[in-house]
Amino acid sequence: MRRSFTFLLRPTSRQAAALAQCLEDQRQLYNAALEHRRIAYAKAQVTIRYGDQSGELKHIRADDPDGQGRWSFSSQQATLRRLDKAFAAFFKRVRDGRTPGFPRFKGRGRFDTVEWPKDGDGCRWDSQPDHPAVAYLRLQGIGHVRVHQHRLVRGRVKTISVKREGSRWYVILSCDGVLAEPLPATGAVVGVDMGVASLVTTSDGAHVANPRHLATTADRLADAQRDLARKKRGSKRRRKAVARVAALHAKVRRQRLDGAHKAALALVRDYDVIVHEDLRIANLTRSTAGTIEQPGRNVAQKSGLNRSILDAGWGVFLTILSYKAESAGREVIAVNPANTSRACSRCGHCARENRVTQAEFRCTVCDHQAHADVNAAINI
Ligand SMILES: [Zn+2]
């Protein structure tokens, strides 16, 4: 199996400056390569390919030893390949008869990841293995950077990426050959309902990962974005407001991941088979008739942003759940969620009136009463 591991980097201030410079040079390389392709196409209808641009790298580096020449050749190739992918996607959409936007220049703050495609080539994971208790990552042109390694890395490190999020730096290791670690069978099966008040409610009546703190951050993010919209372009206050929005976005991501990991871990530990609603189908119904059919379900609807943040949480949760389940030898099944919130889990009677409030379910035929999310989870 292939898995990725993300760790916080703890660069010195000199290393942080070098990381920022590396990112900036890679951004300029990306933009220059994009400009090259645009001009060649506009002036002469010539399509420049990855191979052409990669071939020129040598000269670019030789002409700029204190700039582009400082960084890993392979990481620059990875940046050019990224541009190539953007173009491939563009041309595919054109062939499909759509009218896509041309690949865009990356502005400052719009280019936040650099990849080193092979461990040992311009980069080295665990570069000082004899060092007790502390892990280091060596990056060409930057040095040995301390890593906050909060868990064990399994498998073989293939690619190494460095990502900036606000003022923090992260390393993402993509590893091959990670062995599954099957858990002992429990003989238990569970249905889960994904909601807003609780990320997950199980058919056994447990509410897992209450994302209230996430909603709080989402509110603060909405405030920060309104604040940002009022700031004058190019002003110092605007720059500060941009940084605040970025920091809150990063916080939302961390909280979402944290909640998703906890919920998925709890399910995988306790159940052999985990059944959830198929989000692709659920989203179709939710966006149109959802509010009428499930009146209380959209408590976060007061703000579109808030809502979308919680929505995205379900996708993240299912991705993590599928990884953890595969690794533990558990089975995950997606089912059509039609009527799961309106049907009675005891007698099967299906009516909108069964759903009394957001939290309360009472069947109008058999008088079965339950927490609405638990009822839905049993149906699932
Ligand atoms: Zn009933």
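Which of the residues belonging to the stretch 357-367 are touching a residue at least 60 places away in the same chain (Cβ under 8 Å) and touching a strand residue (DSSP E or B) at 6+ places or on another chain (Cβ under 8 Å)?
Within the stretch 357-367, the subset touching a residue at least 60 places away in the same chain (Cβ under 8 Å) is 357-359.
Listed by number, the list holds a single entry, Ala359.
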- [ ] Would you confirm whether any residue within the stretch 123-146 is surrounded by 14 or more Cβ atoms within 10 Å (Cβ to Cβ), of a type in the set (A, V, I, L, M), assigned to a loop (DSSP other than H, G, I, E, B) and modelled with pLDDT of 95 or more?
- [x] yes
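Right, Ser161: surrounded by 15 or more Cβ atoms within 10 Å (Cβ to Cβ), hydroxyl-bearing (Ser, Thr, Tyr), within 20 Å of the chain's Cα centre (by Cα) and modelled with pLDDT of 95 or more or not? Steps first, answer last, please.
On the way: surrounded by 15 or more Cβ atoms within 10 Å (Cβ to Cβ): yes; hydroxyl-bearing (Ser, Thr, Tyr): yes; within 20 Å of the chain's Cα centre (by Cα): yes; modelled with pLDDT of 95 or more: yes.
Spelling it out, Ser161 is indeed surrounded by 15 or more Cβ atoms within 10 Å (Cβ to Cβ), hydroxyl-bearing (Ser, Thr, Tyr), within 20 Å of the chain's Cα centre (by Cα) and modelled with pLDDT of 95 or more.
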Open item on the list: Please pick out the residue among Arg108, Arg38, Arg61 that is in a helix (DSSP H, G or I), among the charged types (D, E, K, R) and under 22 Å from Val162 (Cβ atoms).
Closed with: Arg61
Open item on the list: Restricting to the stretch 341-356, and then to whatever is polar (S, T, N, Q) and touching a residue at least 24 places away in the same chain (Cβ under 8 Å), can you tell me which residue is nearest to the ligand (Cβ to nearest atom)?
Closed with: Ser345
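Residue-wise test of (1) within 23 Å of the chain's Cα centre (by Cα); (2) touching a residue at least 12 places away in the same chain (Cβ under 8 Å).
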| site | (1), (2) |
| --- | --- |
| Gly67 | no, yes |
| Gln76 | no, yes |
| Leu83 | yes, yes |
| Phe87 | yes, yes |
| Gly97 | no, no |
| Pro100 | no, no |
| Gly107 | yes, no |
| Phe111 | yes, yes |
- [ ] Go over the candidates Ala338, Ala359, Ala334, Ala376 one by one and state the one that is buried (at least 19 other Cβ atoms within 10 Å of the Cβ), more than 12 Å from the ligand (Cβ to nearest atom) and hydrophobic (A, V, I, L, M, F, W, C).
- [x] Ala376
Open item on the list: Pairs needed: first member in the stretch 130-144, aliphatic (A, V, I, L, M); second member anywhere, in a loop (DSSP other than H, G, I, E, B); C-beta distance under 7 Å; at least 6 residues apart or different chains.
Closed with: Ala135/Asp126; Ala135/Gln149; Leu137/Ser127
- [ ] Go over the candidates Ser198, Ser174 one by one and state the one that is surrounded by 12 or more Cβ atoms within 10 Å (Cβ to Cβ), among the polar types (S, T, N, Q) and outside any loop (DSSP other than H, G, I, E, B).
- [x] Ser174
Task: Count - residues of the stretch 5-27 that are polar (S, T, N, Q) and surrounded by fewer than 15 Cβ atoms within 10 Å (Cβ to Cβ) - done: 3
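Of all residues in the stretch 363-373, which are within 9 Å of the ligand (Cβ to nearest atom) and out of contact with any His (no Cβ under 6 Å at 6 or more places or on another chain)?
First, the residues of the stretch 363-373 that are within 9 Å of the ligand (Cβ to nearest atom): 363-368.
Hits for the stretch 363-373 are Thr364, Cys366, Asp367, His368.
Consider Ala224 carefully, then state whether it is surrounded by fewer than 15 Cβ atoms within 10 Å (Cβ to Cβ) and more than 17 Å from the chain's Cα centre (by Cα).
Working: surrounded by fewer than 15 Cβ atoms within 10 Å (Cβ to Cβ): no; more than 17 Å from the chain's Cα centre (by Cα): yes.
When the stated conditions are applied, Ala224 does not pass them.
The values are calculated or read from the model by the stated rules, or taken from the named source; none is laboratory data. Just so it is clear, the model here is predicted, and its values are computed rather than measured. When we count neighbours, we look across all protein chains shown, and the Cβ atoms used for this are built from the backbone with ideal geometry, even at glycine.
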